[in-house]
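The values are calculated or read from the model by the stated rules, or taken from the named source; none is laboratory data. Predicted, not measured: the structure shown is a model, and the values here were computed from it. Virtual Cβ from ideal backbone geometry, glycine too; neighbours counted across all protein chains shown. Ligands, DNA and RNA are excluded from the accessible area calculation, which covers all protein heavy atoms including side chains. Shrake-Rupley method; radii C 1.70, N 1.55, O 1.52, S 1.80 Å.
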Amino acid sequence: MNFDENPVRDRLIALFAEAAGPVSGEELSHVLGLSRTAIWKQIKALEQVGFAFAASPRVGYRAVTIPDELMAPLVEPHLPLTASLGRPLFWAAERASTNVTALEWAAQGLPHGSVVTAAVQTGGKGRRERAWVSPQGGMWFSVLVRQPCALHQAPDLTLLASLAVWRALAESGVSAEIKWPNDILVAGKKVCGILAQMRADGEWVDHAVIGIGINANFPAEQLPEEIRHRATTILSACGFALERPRVLAAILTELDRLYRGLATGEGFASVRREWLAHCQTIGRDVEVAIGNEIVRGKAVDVDDQGSLLVELADGNVRQLHSGEVLFSGSENLR
């Protein structure tokens, strides 16, 4: 099963990324086992997705622009050799949804640790089947993990993913916060959503696809006007762009470390204190949607299982295993 691998394209990108200067057509032909005409066609195809080349007679090709797309040869150099997530990585210029693709391929034998990415999503979905606008410049990817944990630990998957994203963004100089259960906020507005879709086998998660969407290197004006009061992009909020392949590698590296703990029983509880230190929800008045019900109160804690503890008006504390925080004091949601 080849899925949508393009080894020739990826090897060509790696050659240009590693080259200190021009690469001759003869060398490219020899290394890739292709004719000069085939090499020219591959280069033209790369130009269609943002690469730019300078060609000189008897000298060769030089990569003038290598876009920071989430392609395997651009992400791979930043991954630890021991990482179990991120290999293989499948990029496409456009997909309807990286989660849908990853789930379909999982049924066909896609291996553990595979990552599906796209430059643009045309049918991305968030919580409650809401459309997730996914233009060029964002980070749209899904990670497949096989038998990651017992079914009762399934909520840990997105909680740990939110911490992995937070760590990677912090490493890149982004000041972010976590909104329970797994959204990432910058300047009080959402920049990242995480959606897990899984298949169970008895008391175990057979496989799960963790979809992560980050509004990264595009202006907030590209978001729908009706959500700009509660969503933004890192470029607009922070004033700088992310090196997307490096950030993806950092997320996968952190996620790998956190998910390895699940196998030994060390799930969310083992990092709860760190997670809480970056959670803006605690201590604030909240409204939490659970289906058609709205729970109102003060968020007082998140327990070892990742449940939100909300103190109600009558003084009782309610444990919420899932839900969506609709309002909190630090967010401009209304």
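Describe numerically, in nm with one decimal, the distance between label points set 7 Å from Cα along Cα→Cβ at residue 151 and at residue 58.
So the two model labels end up 7.2 nm from each other.
Heavy atoms only, probe 1.4 Å: what % of the accessible area of the chain goes to carbon and sulfur, would you let me know?
Summing carbon and sulfur atoms, their accessible area is 49 percent of the total for the chain.
Compute the convex hull volume of the Cα atoms of the stretch 41-180, divide it by the residue count, and report the result per residue in Å³ as a whole number.
Hull volume over Cα atoms, normalised by residue count, gives 166 Å³.
For the chain, modelled as a Gaussian network with Cα springs under 10 Å, which listed residue fluctuates most, 225, 254, 177?
Comparing 225, 254, 177 in a Gaussian network model of the chain, the most mobile one is 225.
So what's the convex hull volume per residue for the Cα atoms of the chain, in Å³?
It is 140 Å³ per residue.
Just the accessible area per residue of the chain, please: how many Å² with a 1.4 Å probe?
46 Å²
Roughly how many debye, to the nearest 20, is the charge dipole of the chain about its Cα centre, given +1 on each Lys and Arg Cβ, -1 on each Asp and Glu Cβ, and no other charges?
640 debye
Counting pairs on different chains as well as pairs 8 or more places apart, how many Lys pairs in the chain have Cα atoms under 25 Å apart?
So the count works out to 8.
Relative to the longest principal axis of the chain, what angle (0 to 90°, nearest 10) does the C-alpha long axis of helix 156-171 take?
Between the helix axis and the principal axis of the chain, the angle is about 60 degrees.
Report the charge-dipole magnitude of the stretch 133-284 in Debye, nearest 20, computed about the Cα centre from +1 at each Lys and Arg Cβ and -1 at each Asp and Glu Cβ.
It comes to approximately 240 debye.
Evaluate Rg over Rh across the stretch 1-115, taking Cα atoms for both radii and Kirkwood's formula for Rh.
1.00
For the stretch 28-132, what's the relative contact order in percent, using C-alpha pairs closer than 8 Å and at least 6 residues apart?
Relative contact order, the stretch 28-132: 19 percent.
Measure off 7 Å from each Cα along the Cα-to-Cβ vector at residue 277 and residue 227, then give the distance between these two points in nanometres to one decimal.
3.1 nm
Under 5 Å between amide H atoms, partner at least 5 residues away or on a different chain: which partners does residue 91 have, H built in plane at 1.01 Å?
Answer set, sorted by chain and number: 72, 117.
Net charge near residue 33, counting Lys/Arg +1 and Asp/Glu -1 over other residues with Cβ under 13 Å of its Cβ?
Surrounding charge for residue 33 is 0.
Which length gain, in nm to one decimal place, applies between residue 87 and residue 31 when the Cα-Cα distance is subtracted from 0.36 nm times their residue separation?
17.9 nm
How far, in nm, would the chain grow between residue 312 and residue 122 when pulled straight, counting 0.36 nm per residue and subtracting the alpha carbon separation?
64.3 nm
Which of the listed residues, 53, 187, 15, is farthest toward the dipole's positive end in the chain, when Lys, Arg count +1 and Asp, Glu count -1 at the beta-carbon?
Working it through, the farthest residue towards the positive pole turns out to be 53.
Which of 65, 112, 151 sits farthest toward the positive end of the charge dipole of the chain, with +1 on the Cβ of Lys and Arg and -1 on the Cβ of Asp and Glu?
65
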